[in-house]
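So the structure is just underneath, and the comments pick up after that.
The values are calculated or read from the model by the stated rules, or taken from the named source; none is laboratory data. Keep in mind that this is a model prediction, so the values were computed, not measured. Here the Cβ positions follow ideal geometry from the backbone for every residue, glycine too, while neighbour counts run over all protein chains shown.
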Amino acid sequence: MVVGAGLLGLVATVAFALVALPGLARVDATLDRSAAAIQAAAGATRSAADAFDGFDASFEEATQAAADASAIAARSAATARGLAATMGLSVFGAQPLLPLAGGFESSATDLDALSGTLGRMGAALGGNRQDLTAVRTEIDALADELEGLADQRDLPPLFGAGIAIVVLMTAQAAGLVAAGLAISRLDARSGAAAAGR
């Protein structure tokens, strides 16, 4: 009975080895390829996040340039208004420069509008820069998650675990066969001893 259980265990072990081990080897190979692909994706994602650093510096410079241009346009508008007022200068009762005042006043109005547009553009660039920083943070987090997934493949291979199971099952089945044979010998000896009495 015990020998039969041991032999059945050996048959089950051989069946497991023939069926499961090749599948486990394929799963290991697939996991290795997946880990490599995930690692490549993590690297590409990290590179994309790093590329945002250059954009951030460019946005900062563009925002500052727009603010500076807006301030210059506002000062130029004030200067043009001052020139328009100066065109009303009277020389012996005549105002020969007065016709130019309208052009300076029109330029001042245009410069004020330009200053406002540049100010709004600078504010929009500043907002875009903040959005860009948030996107970079999200991409960094994604790269961290992908790297963590790739690192999880550092677990022992499944094929090796399958071999360990086969060895354990073989040892158990062989132990049952040996124990069964030992019990059969003991039974035979005790039966022979009882018959000899």
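Quick one: count up the residues across the stretch 9-21 that are without any contact (Cβ under 8 Å) to a residue 24 or more places away in the chain and either surrounded by 12 or more Cβ atoms within 10 Å (Cβ to Cβ) or in contact with a Cys (Cβ under 7 Å, 6 or more places away or on another chain) (or both).
1
Restrict the check to the stretch 87-94 and report whether at least one residue is touching a residue at least 24 places away in the same chain (Cβ under 8 Å) and in contact with a helix residue (DSSP H, G or I) (Cβ under 6 Å, 6 or more places away or on another chain).
no
Looking at the stretch 26-61, which of its residues are of a type in the set (Lys, Arg) and either closer than 15 Å to ALA141 by Cα or touching a Gly at 6+ places or on another chain (Cβ under 8 Å) (or both)?
At the first step, the residues of the stretch 26-61 found to be of a type in the set (Lys, Arg) are 26, 33, 46.
Matches in the stretch 26-61: ARG46 only.
If the requirement is being assigned to a helix (DSSP H, G or I), surrounded by 14 or more Cβ atoms within 10 Å (Cβ to Cβ) and at pLDDT below 85, which of these qualifies: ALA48, ALA65?
Values: ALA65 fails: at pLDDT below 85.
Just a single option satisfies the conditions, and that option is ALA48.
Can you tell me which residue within the stretch 174-197, out of those that are at pLDDT 80 or above and farther than 11 Å from VAL2 by Cβ, is surrounded by the most Cβ atoms within 10 Å (Cβ to Cβ)?
ALA174
Consider PHE92 carefully, then state whether it is touching a Leu at 6+ places or on another chain (Cβ under 9 Å), over 30 Å from ALA41 (Cβ atoms) and aromatic (Phe, Trp, Tyr).
Details: touching a Leu at 6+ places or on another chain (Cβ under 9 Å): no; over 30 Å from ALA41 (Cβ atoms): yes; aromatic (Phe, Trp, Tyr): yes.
Criteria not met by PHE92.
Could you identify the single residue in MET121, MET169 that is of a type outside the set (S, T, N, Q) and touching a Ser or Thr at 6+ places or on another chain (Cβ under 7 Å)?
Every option except MET169 fails the conditions.
How many residues are farther than 12 Å from ALA161 by Cβ and within 29 Å of the chain's Cα centre (by Cα) when one looks only at the stretch 14-30?
Of the residues in that region, 3 qualify.
With respect to GLU138, determine if the residue is at pLDDT 85 or above and of a type in the set (Asp, Glu).
yes
Kindly indicate whether any position in the stretch 152-171 is surrounded by 13 or more Cβ atoms within 10 Å (Cβ to Cβ), aliphatic (A, V, I, L, M) and within 30 Å of the chain's Cα centre (by Cα).
So far as the stretch 152-171 goes, yes, one or more of its residues are surrounded by 13 or more Cβ atoms within 10 Å (Cβ to Cβ), aliphatic (A, V, I, L, M) and within 30 Å of the chain's Cα centre (by Cα).
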